[in-house]
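Colleague: Encoded as structure tokens, here's the structure I'll be asking about.
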Amino acid sequence: MTFEFEPASFPWLTISILLPLIAAAILFFLDKKWAKPISIVVSAIVFAISTWMLFAYDYSSYKIQFYEKYVWIPQFGVSYEVGVDALSLTMYWLTALSFLISFIWSTNIKKRVKEYFIAFLVLEAACIGVFVAWDLVFFYIFWEAMLIPMFLIIGVWGYAERIYAATKFFIYTFFGSLFLLLGVVGLYVYQYFHYGKLSTSYFDLINLNLPFNLEIIFFLLLALGFAIKVPMWPFHTWLPAAHVQAPTAGSVILAAVLLKMGTYGFVRFSVPWFPEASKYFMPVMFTLGVIAIIYTAMMAIAQTHIKRVIAYSSVSHMGFVTLGTFALNMEGMNGAIITMISHGLTSAALFLAAGWIYERAHSYEMKDLGGMARYVPVFATFFMISVMASVGLPGLSGFVGEFLALLGTFKQSILFAALAGSALVLGAAYTLRLYHNTMFVEDEIDEEKKHKWRQLKDLTASEFLAFFPLIVLMFIIGIYPKWWIDLINNTSAAILSKVLGG
Amino acid sequence: MENLNYLWIIPFSPLIASIIIGIFGFKFLKEPLSGIVAVIGVAISAVAAVIGFLHVHEHGGHYDLKLFTWMPLGDYNITVSLLWDPLSALMSCVVTVISTFIFIFATGYMRGEPGYPRFFAYLSLFVFMMLMLTLSDNLVQLFFGWEGVGLVSYLLIGYYHNKRSAVNAAFESFIVNRVGDWSFLIGVLLAFVVFGTLDYLDIFAKLPEAGYWTITAIALLLFGGAVGKSAQIPLHIWLPNAMEGPTPVSALIHAATMVAAGVYMVARLMPIFASSSVALDTVLYIGTASAFVAATIGLVQNDIKRIIAYSTMSQLGYMFAAEGLGRFIDGMFHLTSHATFKALLFLAAGSVLIGVHHILNIWKMGQLRKYMPITAATFLVGALSLAGIPPFAGFFSKDPIIEAAYHINWVVWLFLWIGAGLTAFYIFRLYFLVFEDGDHLDPHIKKHVHESPWNMTMPLIVLAAATTVLGFFREFFFEYLRPVLDPRAMPDSYAPEATKKLMEEGLSRAEHVHIPEDAIEFLIESLTSPLGILTLLTALAGIFAAYLIYQKQVISYKWLGETFRPLYNLFYNRWYFDHFYYAVFVRGYLKLSKFLWYVGDKLIIDGIVDGSGKLAVWTGHKLALTQTGRISAYVLQMLIAMAIFLGLFLLIK
């Protein structure tokens, strides 16, 4: 497979990675009152760059665009190599958006304010790096670098059992990363022995033409790393723990960005690098995807902690991404990517809502909540729209991706598509239950609470500013998905070219 | 082709109204301006729909306005479009015109409610969604409208969301509908994979390429959606509980329009359904069973709205039966007439509820005719129409279905015929208990009972008048709908020859049935042929029985209840459907989920995860014990290790 490149006229991507890092470094020396404004400005600049790129990107071409390459260690074939195709671009854009929103939202941080924003800025740089890096050394550095700030965010600014959750998160993902590393190193060594070449570039490693049994082994190594990150059943239990303990902005990033790294890995590496193994494992991945959808939907309805419900719903939605990716056809791949974007929006919105509720009611437990809707109409409306987008109501973003992913799956297996379709019912059940138990049934709460709710302020200006763009985007994707499909279509075709081309 | 671009106004006028009310309603418009904006929005679309309706009447034909491409799917583009042909024109008129009157009624009914703007925002949004469903030219947009009306229905059932019962009913309706939608969506996917397109007309053209069982599977999967949306067995349980919503909602969404969407969908996709006799039989039997079961349950309910709700389910069953019999135009005609008189019945019931301050139990009412003469008279018109008494619309739309069944399938006929008798009985049981009968009304309330204001009675009078004359347009309806629902009159652009041939498979069952299309002729035949007289007498007998039991009290209903105890229990407990579903799908599912959570996630998976963590810590602790700090111990360890390695080395050697 050969790639063409469209060099960047200006190092936009490098700037996007460096800006947050530089800001973090400067913040270190400044007073804490500067932390929030600087973070917002920097992330706004990065978001502006990414949005501009979204429009500047030429989706009719197959080239890797905004491409930059600087040789670093020529002896080992390591270069700093960044660029975007539509997949990288949309994920990068989603990352920039999520961080901007998280910064705007983070008003109520009491302890270690400066460190909080520094951790997030470093995290932003690492996350963007993962999505735009094409050199495996840099990819892996970013992949691991992201663990540390996230570990701190959960461990320092989290709730009561934050240490357990942070440790669990760290060890789980680190365990997976080791296999990922093993796989990448293995491929590198194989490349040396068979081609006498040393290169850590994606564009070289993709052309290894592995024998089938090696493809299987490497597929499994990488898949373990990605599956934990997604997370796929049965590697998902770190996620509810982490979400429950993480601060709101941490949950937003975790759901909207970090989970996408796993699915990004599958789409970016597993499918194009190991086409035969991907075909071979299709039934396995379908099974895991469907189990994720159904099993975690059941987990979600068994919960009373609202963040845990949303966390399990994330796993369920990621099941659709798994299905779409391994349907190995255009509909499925487009569906997987759109679901990734849409889930980024809806899960971010739902975690914002959960955080909003906690800030007012000081509890995440359903038994302490309920009956708020009448007192906070704007919030209730936004929350309802997010819920509906999450359950895949046509006209909002969730439906587009699920429809395509289901269609792709259906073309491979009617059975798996029919089973996955149960999410229509099961997903609606736990999500609506979540909404009802927090917002409705005012008659069943006591007078004290009613009194408290009456004092509630609806969304504040900064909350509105964070929430509203998500709502608008849910509508935009739902009403006019053509724009997004056009954007990613050629990338999906390129990713699938080896699988489909035979 | 003439310029029909103005048709976009039909769906978007209510949408714009909804957005205006949604944004400005709470702060600026409030009451009553929100209501007025909503009425104007829907009235504009009604006028446009009627103009378009007449246009099709004069010029005929199909107009397909593609608004924009929603999503490209390989070579096929899913578009947002408006398909304007006799079927969608008729349905649009039914939706918009009836909506207009219900909206006007609602401005009175909802007076003083705290969520007044919210109500009208939802209601306008509903009309938009319903019209998107109606006017779609492809299955995805249909699904958009289909789920959209489901959403608004959910929001409006849960309108009084402070009440647990309303929230539960809303939840139930959404979930049960989603079960149907699951099936529907799989049907859409199958259709796309088979035909490579989702536009109706292209599917019709390509029908002959698909095998019989493929078509059957598509039809049955899509019908699964209709079963949910139109509250047919086994997905019917949500509809009676949906009566938790305000009464205008019950009239508009849960009687006249949304629940009829399933019937409309089957008619819309008639070439698919007619090409498979298995599919048609399924529609027929499910419709018949629902018609009968719902009528039996309606006999013994005590809640005024629930009785009418079961009646709705029963009448929808008649419509499906008509389609299953291959008489699609009869089905659509009954849909139209039912929409009119059932909206009337619900609005009249709403007027009663305002009068008696929202008492729902019909045993606590009575004598209301004295205080609410207009409501009583208009309700009577609706009841007579539902019972199938000429000259009201229900007679001209329902009796032909029963008669057709006699010529095609006598088992079906038997159930529909008995059902018709039960229908007449239960609606007049309601009428006598509420409007006539003795004096069960609370004296405190009685003092305040009075006729409703003009904006509530006016819609009642209009709908009653419509119910009275609509039946005589029977022949007009047949002429109007023939180009879309009768293969012999279909233009080739709608369905090519090969498809028409395919449709004979299902439609041949109705070929030998000749029921006059002209209303007067039908009336004369009904009064002269034995079958017609029998049907008519059955309805009269039902009314007379209700009169004897509840008005004259010649026969004691207590005695009846005791004598037929098992039957009474069966009907009163709604054939135990709800009990069964709640035990298995609600409590069972929750229990299983909790169990899985404890065993699967906590015990097994986290057991392994935390266990391996603990194991590592434990091993570390144990190994730490060896680090005693005494040189002698280290020397001993070293010697042991050396011995082992030496041994191994020798062994391998």
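Colleague: Let a ≥ b ≥ c be the square roots of the eigenvalues of the Cα gyration tensor of the stretch A:1-97; is it rounded (a/c under 1.5), or, if not, prolate (a/b larger than b/c) or oblate?
Modeller: oblate
Colleague: Further, regarding this structure: What does the highest-first list of A:366-374, B:634-642 look like by mean Cβ count within 10 Å?
Modeller: Top of the packing list down: A:366-374, B:634-642.
Colleague: Okay, next question. Mind checking which aspartates and glutamates have their C-alpha under 19 Å from A:Lys452, skipping anything on the same chain fewer than 8 residues away?
Modeller: Straight-distance partners of A:Lys452: A:Glu359, A:Glu365, A:Asp368, A:Glu442, A:Asp443, A:Glu444.
Colleague: Hey, another quick one. Between A:Asp458 and A:Asp368, what FRET efficiency follows from the Cβ-Cβ distance if R0 is 22 Å, with the result rounded to 0.05?
Modeller: That gives a FRET efficiency of 0.65.
Colleague: Okay, next question. Rounded, prolate or oblate: which fits the stretch B:525-571, taking a ≥ b ≥ c as square roots of the Cα gyration tensor eigenvalues, rounded meaning a/c under 1.5, else prolate when a/b beats b/c? All intermediate terms of the calculation are to be shown ahead of the outcome.
Modeller: Numbers: a/c = 4.67, a/b = 2.00, b/c = 2.34.
Oblate.
Colleague: Farthest toward the dipole's positive end in the protein assembly as shown, which of B:Ile354, B:Leu344, A:Leu121, given Cβ charges of +1 (Lys, Arg) and -1 (Asp, Glu) about the Cα centre?
Modeller: Final value for the positive-end residue is A:Leu121.
Colleague: For chain B, find the longest principal axis of its Cα atoms and tell me its angle to the long axis of helix B:86-109, 0 to 90°, nearest 10.
Modeller: The angle comes out near 90 degrees.
Colleague: Which residues' amide hydrogens lie under 5 Å from the amide hydrogen of B:Leu73, considering only partners 5 or more residues apart or on another chain, with H built in the peptide plane?
Modeller: Placed amide hydrogens put B:Ile78 under 5 Å from B:Leu73.
Colleague: Tell me, what is the percent relative contact order of the stretch B:1-127, built from C-alpha pairs under 8 Å that lie six or more residues apart? Intermediate results must be reported in sequence, preceding the final value.
Modeller: Numbers: 165 pairs, mean separation 49.8, N = 127.
The value is 39 percent.
Colleague: For peptide A:231-239, compute the average count of partner chain beta-carbon atoms within 10 Å of each residue's beta-carbon.
Modeller: Shielding by partners across A:231-239 averages 3.
Colleague: Sorting A:Trp233, B:Trp8 on the 10 Å Cβ count, fewest up front, what's the list?
Modeller: B:Trp8, A:Trp233
Colleague: Label points 7 Å out from Cα along the Cβ direction at A:Ala160 and A:Phe468: separation in nm?
Modeller: 3.8 nm
Colleague: Okay, moving on. Restricting to DSSP H runs of at least four residues, report the calculated mean residue ellipticity at 222 nm for the protein assembly as shown, -39500 (n - 2.57) per run over all residues, nearest 500 deg cm²/dmol.
Modeller: The helix-only estimate for the protein assembly as shown comes to -23500 deg cm²/dmol at 222 nm.
Colleague: What angle do you read, to the nearest 10 degrees and between 0 and 90, between the alpha-carbon axis of helix A:482-501 and the longest principal axis of chain A?
Modeller: Orientation of helix A:482-501: about 40 degrees from the principal axis.
Colleague: Relative contact order for chain A using alpha-carbon pairs under 8 Å, separation at least 6, rounded to a whole percent?
Modeller: Once normalised by length, the contact order is 15 percent.
Colleague: Also: Per residue of B:149-158, how many C-beta atoms from partner chains lie within 10 Å of its own C-beta, taken as a mean?
Modeller: Partner-chain Cβ atoms within 10 Å, mean over residues of B:149-158: 2.
Colleague: While we're on this one: Could you sort the peptides B:219-225, B:495-501 by per-residue average Cβ neighbour count (10 Å cutoff), highest mean leading?
Modeller: The peptides rank, most packed first, as B:219-225, B:495-501.
Colleague: Let me ask something else. With a 10 Å Cβ neighbour count serving as the proxy for reagent exposure, in which order, fewest first, do A:Arg162, B:Arg587 appear?
Modeller: Details: A:Arg162 21, B:Arg587 11.
So the residues, fewest neighbours to most, are B:Arg587, A:Arg162.
Colleague: Turning to a different aspect of this structure: How would you order B:101-111, B:462-472, B:561-571 from highest to lowest mean count of nearby Cβ atoms within 10 Å?
Modeller: Numbers: B:101-111: 24.9, B:462-472: 20.4, B:561-571: 12.8.
Top to bottom by mean Cβ count within 10 Å: B:101-111, B:462-472, B:561-571.
Colleague: Quick one: order A:Val122, B:Val293 by neighbouring beta-carbon count within 10 Å, fewest to most.
Modeller: Lowest to highest Cβ neighbour count: A:Val122, B:Val293.
Colleague: Out of A:Thr14, A:Trp105, A:Gln65, whose Cα points farthest toward the positive end of the dipole of the stretch A:6-156 (charges: +1 Lys, Arg; -1 Asp, Glu; placed on Cβ)?
Modeller: The one lying farthest along the dipole's positive direction is A:Trp105.
Colleague: Where in the stretch A:430-459 are there trypsin sites (Lys or Arg not before Pro) that are in a DSSP coil and have at most 11 other Cβ atoms within 10 angstrom of their Cβ?
Modeller: A:Lys457
Colleague: What angle, in degrees between 0 and 90 and rounded to the nearest 10, separates the Cα long axis of helix A:377-390 from the longest principal axis of the Cα atoms of chain A?
Modeller: For helix A:377-390, the angle is close to 30 degrees.
Colleague: For an R0 of 30 angstrom, estimate the FRET efficiency from the Cβ-Cβ distance between B:Lys594 and B:Lys364 and round to the nearest 0.05.
Modeller: 0.15
Colleague: For the stretch A:398-502, what does the alpha-carbon gyration tensor say about shape, rounded, prolate or oblate, given a ≥ b ≥ c as the root eigenvalues, a/c under 1.5 as rounded, and a/b over b/c as prolate?
Modeller: Oblate is the answer for the stretch A:398-502, as a/c is 1.5 or above yet b/c matches or exceeds a/b.
Colleague: Taking the Cα-to-Cβ direction at B:Val278 and at B:Ala616 and moving 7 Å from each Cα, how far apart do the two end points lie in nm?
Modeller: 5.6 nm
Colleague: Sticking with this structure for a sec: Based on the Cβ-Cβ distance from B:Glu209 to A:Leu182, what FRET efficiency comes out when R0 is 56 Å, to the nearest 0.05?
Modeller: 0.65
Colleague: Using a 7 Å offset from the Cα along the Cα-to-Cβ direction at both A:Leu220 and B:Ala498, what is the distance between the two label points in nm, to one decimal?
Modeller: Label-label distance for A:Leu220 and B:Ala498, simple model: 5.0 nm.
Colleague: Work out the mean other chain Cβ neighbour count within 10 Å for the residues of B:164-174 and drop it here as an integer.
Modeller: Mean inter-chain Cβ contacts per residue within 10 Å come to 4.
Colleague: Now for a separate question. Between their Cα atoms, which of B:Lys163/B:Lys552; A:Lys260/A:Lys498; A:Lys36/B:Lys27 are more than 27 Å away from each other?
Modeller: B:Lys163/B:Lys552; A:Lys36/B:Lys27
Colleague: Assigning unit charges at the beta carbon (Lys, Arg +1; Asp, Glu -1) and nothing else, what dipole magnitude in debye, to the nearest 20, does the protein assembly as shown show about its Cα centre? Walk me through the numbers on the way to the answer.
Modeller: Values: 70 positive and 72 negative charges, 788 e Å.
The calculated dipole for the protein assembly as shown is roughly 3780 debye.
Any read-out appearing in this document is the output of simple, stated calculations on the displayed coordinates, not a laboratory observation. Keep in mind that this is a model prediction, so the values were computed, not measured. Cβ sites come from the backbone with ideal geometry, for glycine too, and all protein chains shown count toward neighbours.
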